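Comments concern the structure below.
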Amino acid sequence: MSNPSASGSHASAEVAARVERRWAMLAVALVAVLVAMVIYTGLHWAMMPPSRVETIRPESLHVAGEFVESNLGSAVESDGSVTVRVVAQQYSFTPQCLLVPADTPITFRATSADVVHGFLVTDTNINSMVEPGYISTFRTTFERPADHLMPCHEYCGTGHQGMWAHVKVIDKAAFARMAAHSRRLSCVK
Ligand code: CUA
């Protein structure tokens, strides 16, 4: 129709209003669902906080306890798994090169001596923060020998871009041979 009548344009305005109302209702419903999710997860976590939060005094890391320098690196547990203890500080990780066996459950335990750092192991799903005062724990298994980079990916100061370490995954049997001679292992030369 080249020249719509007055009643025709009135009808199309009504259609437009109806469509607009539907979209508005959809948007309101979406917001309502999201708010409900926020309230639900908030209450859920308030009633069920994370089962274990481990704290540690960052100022005395080097003096006593799990993260003294002689206890850092990889340790074989009685069940055959390996625990790797790491300290992050401006602007390095200790040890700078973590040595782990392939095909073995690995538990990383990391903490920070100063500020918040990032803990990321390339080609794995390990991607977290390392916070002073807390112990961050991650578990993984490396399928095969490889070298992984471990950059700090949380801005921690002027030397941040130079803060990174390596994870060297070696053959399980070779690791076992080295572990027989040393209580704590790393690949720092
Ligand atoms: Cu440590 Cu960025």
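The values are calculated or read from the model by the stated rules, or taken from the named source; none is laboratory data. In this text the structure is predicted, and so the values were computed from the model without any measurement. Backbone-built Cβ (ideal geometry, glycine too); neighbour counts: all protein chains shown. Ligands, DNA and RNA are excluded from the accessible area calculation, which covers all protein heavy atoms including side chains. Shrake-Rupley method; radii C 1.70, N 1.55, O 1.52, S 1.80 Å.
Here is the list for the range 18-115: trypsin sites (Lys or Arg not before Pro) lying in DSSP coil, each with at most 15 other C-beta atoms within 10 angstrom of its C-beta, are Arg52.
Overall, the range 54-179 carries a charge dipole of about 200 debye about its Cα centre when +1 sits on the Cβ of Lys and Arg and -1 on the Cβ of Asp and Glu, all other atoms neutral. Quick one: in the range 1-146, what % of C-alpha pairs are over 22 Å apart? In whole percent, the long-distance tail amounts to 61. Short-range pairs are left out: with C-alpha atoms under 8 Å and at least six residues apart, the relative contact order of the chain is 21 percent. Taking Pro145, Pro101, Pro132 as the candidate residues, the one with maximal mean-square fluctuation in a Gaussian network model of the chain, Cα springs under 10 Å, is Pro145. Taking only the C-alpha atoms of the range 49-89, Rg followed by Dmax gives 12.2, 33 Å. Per residue, the solvent-accessible area of the range 87-189 (1.4 Å probe, heavy atoms of protein chains only, all protein chains present) comes to 50 Å². Judged by a Cβ-Cβ distance under 4.7 Å, the unpaired cysteines of the chain are Cys152, Cys156. Built from the Cα atoms of the range 64-189, the convex hull projects on average onto 7.3 nm², one quarter of its surface area. DSSP beta bridges confined to the chain are antiparallel in about 65 percent of cases.
List the GluC sites (Glu not before Pro) in the range 34-126 that DSSP assigns to loop (not H, G, I, E or B) and whose Cβ has at most 15 other Cβ atoms within 10 Å. Which are they? Of the GluC sites (Glu not before Pro), the ones in loops of the range 34-126 whose Cβ has at most 15 other Cβ atoms within 10 Å are Glu54, Glu66, Glu77. Remark on the range 1-44: hydrodynamic radius 13.1 angstrom, per the Kirkwood mean of 1/r across alpha carbon pairs.
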